[in-house]
Amino acid sequence: MPQYVRELFERVRFADLLDVAIVSMLLYVVIIWLRQKASRSLGIVAVGLVVLFGLAQWFDLYLTTLAYQYGSIAILITFVVIFQSDIRYGFEKLAASQFFLRSSVSGPSENLTGTLTEAMIFMARQRIGALVVIPMRDPLGRHIQGGVDVDAKISLPLLLSIFHPKSPGHDGAVLIERERIATLGVHLPLSRQVEKLQGSGTRHAAALGLAECCDAMVVAVSEERGTITIAKDGEMQVVDPTQLADRLRASLKDGHFAGGKRRPRYHGVTLLVSIATATMLWFTFAYNTDTIQRTFVIPIEYRNVPEGWEIAEPKPTFAELTLSGPEPAFNLLKPASAVVSLEVKPIAKGTRFPQWESESNLKNIPSELSVEQIEPRQVIVSLREKSEQ
Ligand SMILES: Nc1ncnc2c1ncn2[C@@H]1O[C@H](COP(=O)(O)OP(=O)(O)OP(=O)(O)O)[C@@H](O)[C@H]1O
C-alpha cells in the first residue's frame, strides 16, 4: 500500500468522517433547495462566490479574503431578509421530510380521476363554476387561506352539492388531500399575469395564482363559458372534456400526487456531488499531514480563592505554551479560551504555598494537539490573609 494511503488511513478519525457526512448533508439540502426554489442565476451567483472564496484562500488574496470576512455577515443578513419566505418554506419541507420523501409515483386511484372527471364535465355542461386544488409535493399551508375542514370521502354528489350555486360553500376552492375532500371554501392567491388569463376573472386568476407559487394542480370550471381549465406549474390550459381523464391521470402521475404512500426519494447524483464536494473541501482545508509547532501566551487563572485570602506577589499570571500537531487541529484551538486553570482549595489559617503542575491543569486544548513545552512547568504561589484596610 502506498505511503500516503497508509498515512491517510492512520490519520482519518471518526470525527473526520462525521465532519464530511454532516457537510455532505448540508450541501445536499442546499443544492436541492437551490434546484427547486431558487432561480438559476442565484445558483450561479452562489457557486461563483464559493469558487471565488476558494481562489482567494488558495492564492492568499488578502483584500478579497478581507472583503469576504466583512461582507459575509452583510450577505447573510441580506440573504435571510430577501429569501425569508423561501427559507421558511425550506424548513416547512424539511419538517415534512419532503427533501427525502416523495409521494408514490403510482398516481391517483381511478376513483379520484373518475369522480373528478365526471364532476367537472357535469358542472361544465351545467355552467356551474368550480375550483379544485390537488396538492402535489409542496406544502400549501402558506399559500392558501380560510376554508372549512370537511375530510370527507370524495364523491360526485358531494362535489356537486358543494359547488351548487345555492350552496353556502360554493365560493372558493375545494382542496383534495389523500383522495378525500379535505377543505372547502379555500381562498387562493391571485395571479397578476393578466395576459395569461385571457379575459377570465378571479376564479381563473386564483387557479393560476396557486399554480405559480407551488406545484399543486388546480382545475377550474368556468361558469360563464362552460370550459374546464387546468393550471399547473404557472401555466393554464383549457382541456377538452373528452381528454380530461387522461390529462388528469398524466398530470397527477408526473407531479407525484400527494395522496399515495410515501417512499424515500434520493437524488443520487446530487448526493454523490455533495459527498465529493465535502470530501474535496475536507482534503483542501482539513487534511494536512504536516506537523507544526506554535507557541502561545495563555493566562493562568486562580479559582475559588478563599474569602479573606489573596495570592501574594510574585503571582504568575501568564504561561508560555508550545503545542504541536496538524494545522487543522490548530484551527479548532481558540487561543483566547485556552487557560491554565488552578483551583485554590479552602485552606486553614496561616500562610500556605499551594503548587500545581501547569500541564495537567490546561483547559480548552483540542485533543489532537500535544503539549511540547509549558513555562512555568509548575506554579507555586503563596497565599496570605488580606490585611484589613
Ligand atoms: N382568491 C380566490 N380563491 C378561491 N376562489 C376564488 C377566489 N377569487 C374568486 N374565487 C371564486 O371565483 C368566483 C368568481 O369568479 P369570477 O366570475 O370572478 O371568475 P371567472 O374566472 O370569470 O370565472 P367564471 O368563468 O366561472 O365566471 C367566486 O365566486 C369564487 O368562488
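The values are calculated or read from the model by the stated rules, or taken from the named source; none is laboratory data. From a predicted model like this one, the values you see are computed outputs, not experimental measurements. With ideal geometry, Cβ positions are generated from the backbone for all residues, glycine too; neighbour counts draw on all protein chains shown. Remember, those area values only see protein heavy atoms, side chains included, never the ligands or the DNA or RNA. Shrake-Rupley method; radii C 1.70, N 1.55, O 1.52, S 1.80 Å.
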Check your understanding: Taking the stated definitions as given, is T65 at pLDDT below 75 and either part of a helix (DSSP H, G or I) or under 20 Å from the mean Cα position of the chain (by Cα) (or both)?
Key -> no
**Study point:** Selected residue (only one of K153, K166 is free of Cβ contacts under 8 Å to residues at least 12 places away in the same chain and more than 12 Å from the ligand (Cβ to nearest atom))
**Key:** K166
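Does A173 satisfy being closer than 17 Å to T117 by Cα and near the ligand (Cβ under 9 Å from one of its atoms)?
On the way: closer than 17 Å to T117 by Cα: yes; near the ligand (Cβ under 9 Å from one of its atoms): yes.
So A173 fits the description; yes.
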Check your understanding: Mind checking which residues of segment 190-206 are touching a strand residue (DSSP E or B) at 6+ places or on another chain (Cβ under 9 Å) and within 8 Å of the ligand (Cβ to nearest atom)?
Key -> L197, S200, R203, H204, A206
Practice item. Only residues in segment 178-203 that are more than 21 Å from G146 (Cα to Cα) count as the first member; pair them with residues that are within 12 Å of the ligand (Cβ to nearest atom) and not in a loop (DSSP other than H, G, I, E, B), Cβ under 7 angstrom, at least 6 apart or cross-chain, and list the lot. Key: Q193/L208; K196/L208; K196/M236; L197/H204; L197/A205; L197/L208
Review point. Residues of segment 212-227 being more than 10 Å from the ligand (Cβ to nearest atom) and either of a type in the set (G, A, S) or crowded, with 24+ Cβ neighbours inside 10 Å (or both), which ones?
Key: A216, M217, V219
Study note, to complete from the structure: How many residues of segment 136-174 are under 28 Å from the mean Cα position of the chain (by Cα) and open to solvent by less than 40 Å² (accessible area, probe 1.4 Å)? The answer is 6
Revision key, fill the gap. Of (1) more than 10 Å from the ligand (Cβ to nearest atom); (2) free of Cβ contacts under 8 Å to residues at least 24 places away in the same chain; (3) buried (at least 17 other Cβ atoms within 10 Å of the Cβ), G209 satisfies every one except (1)
Study note, to complete from the structure: Filtering segment 276-297 down to residues that are at pLDDT 80 or above and more than 30 Å from S358 (Cα to Cα) yields A276, T277, A278, T279, M280, L281, W282, F283
Check your understanding: Is it the case that some residue within segment 109-119 is farther than 18 Å from V30 by Cα and either at pLDDT below 65 or not assigned by TED's automatic domain parsing to the domain that holds M217 (or both)?
Key -> no
Check your understanding: Only one residue in F9, F79, F91 is open to solvent by 60 Å² or more (accessible area, probe 1.4 Å), at pLDDT 75 or above and part of a helix (DSSP H, G or I), so which one is that?
Key -> F9
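For residues in segment 327-346 being open to solvent by 20 Å² or more (accessible area, probe 1.4 Å) and modelled with pLDDT of 80 or more, which is farthest from F296 (Cα to Cα)?
Here is the first cut: in segment 327-346, the residues open to solvent by 20 Å² or more (accessible area, probe 1.4 Å) are 327-328, 331-332, 334-337, 343, 345-346.
When the remaining residues are screened for being modelled with pLDDT of 80 or more, the result is 334-337, 343.
Values: K334: 11, P335: 7, A336: 10, S337: 12, E343: 22 Å.
This residue is E343.
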Practice item. Taking the residues in segment 298-330 that are charged (D, E, K, R) and touching a Ser or Thr at 6+ places or on another chain (Cβ under 7 Å) as candidates, determine which candidate is farthest from R11 (Cα to Cα). Key: R303
